[in-house]
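The values are calculated or read from the model by the stated rules, or taken from the named source; none is laboratory data. Fair warning: this is a prediction, and the values are worked out from it, not measured in the lab. Glycine also receives a Cβ, built like all others from the backbone with ideal geometry; neighbour counts cover every protein chain displayed. Please note that ligands, DNA and RNA were not included when accessible areas were found on the heavy atoms of the full protein model with its side chains. Shrake-Rupley method; radii C 1.70, N 1.55, O 1.52, S 1.80 Å.
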Amino acid sequence: MTTLPTSSTTQQRLGHLQRTLVHLDRRLSTLQRLSERIGWLRLAVFVIGAAIALLLYASDATNSSAAGTLAIVLTLIGFGVAVAQHRRITRGIGRLRAWRVVKSTHIARIQREWDGLPRPLFTAAPPPIAVDLDLVGERSVQRLLNTATSREGSQRLLDWLCSAPP
């Protein structure tokens with residue numbers, strides 16, 4: 001691991017990113033606990049609703065069939081609401097996890113932690129001078145700057161880095 005940059009602006013950004021990670025971790029933990037609870041709620045709504053409907057259908061009351069049907073409908077509505085909420089929370093967890101990866105990658109860039117950075121996307125052989133100047137490669141300027149998610153974007157950055165005359 002290399003030493004941290006000494007610029008106060010860089011240190012401020014690093015501190016902000018680290019606080020953001022702590023906040024994201026707390027929020028993720030909260031949402032995961034909530035997701036677990038709603039998962040159990042879904043199961044409870046289904047089991048209790050099915051049990052009530054079966055009891056109503058099995059009873060000898062005159063309106064047991066209508067009451068059983070009503071219990072099934074209410075159970076399905078409750079279950080559907082729980083599923084919709086659970087999906088919403090699950091999507092939120094996915095977004096927070098993706099955001100956490102982005103912030104962790106930014107911290108790795110600031111601290112030059114090469115293992116924390118995504119692997120470079122090479123599309124074509126770079127010019128020899130780019131390799132000599134560490135513009136491309138495992139520990140390169142391109143890898144520090146590259147936030148592209150496609151080969152084309154990565155290639156565009158490489159073209160920009162190599163287009164200036166040496």
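Below, the figures for the structure above:
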quantity: Helix axis angle, 8-58 relative to the chain longest principal axis, alpha carbon, degrees; calculated: 20 degrees
quantity: Modelled FRET efficiency - R0 41 Å, Ser8 with Arg87, Cβ distances, 0.05 increments; calculated: 0.40
quantity: Positive-end residue of Ala61, Ser8, Ala51, charge dipole of the chain with Cβ unit charges; calculated: Ser8
quantity: Unit charges on C-beta of K, R, D, E only; dipole of the chain, Debye; calculated: 440 debye
quantity: Nitroxide proxy distance, nm - points 7 Å out along Cα→Cβ at Val102 and Leu70; calculated: 5.0 nm
quantity: Extended-chain gain in nm, criterion 0.36 nm per residue less alpha-carbon gap, Trp160 and Arg33; calculated: 41.1 nm
quantity: Charge dipole magnitude, Cβ of K and R +1, D and E -1 - segment 21-77, Cα centre, debye nearest 20; calculated: 340 debye
quantity: Mean separation of Cα contacts under 8 Å, 6 or more apart, over the residue count of the chain: relative contact order %; calculated: 23 percent
quantity: Using alpha-carbon coordinates, inclination of helix 64-111 to the longest axis of the chain, degrees; calculated: 10 degrees
quantity: Ratio Rg/Rh [Cα only; Rh per Kirkwood] for the chain; calculated: 1.32
quantity: Solvent-accessible area, 1.4 Å probe, carbon plus sulfur percent, for segment 1-122; calculated: 64 percent
quantity: Accessible area expressed per residue, segment 1-95, with surrounding protein chains retained (probe 1.4 Å, Å²); calculated: 71 Å²
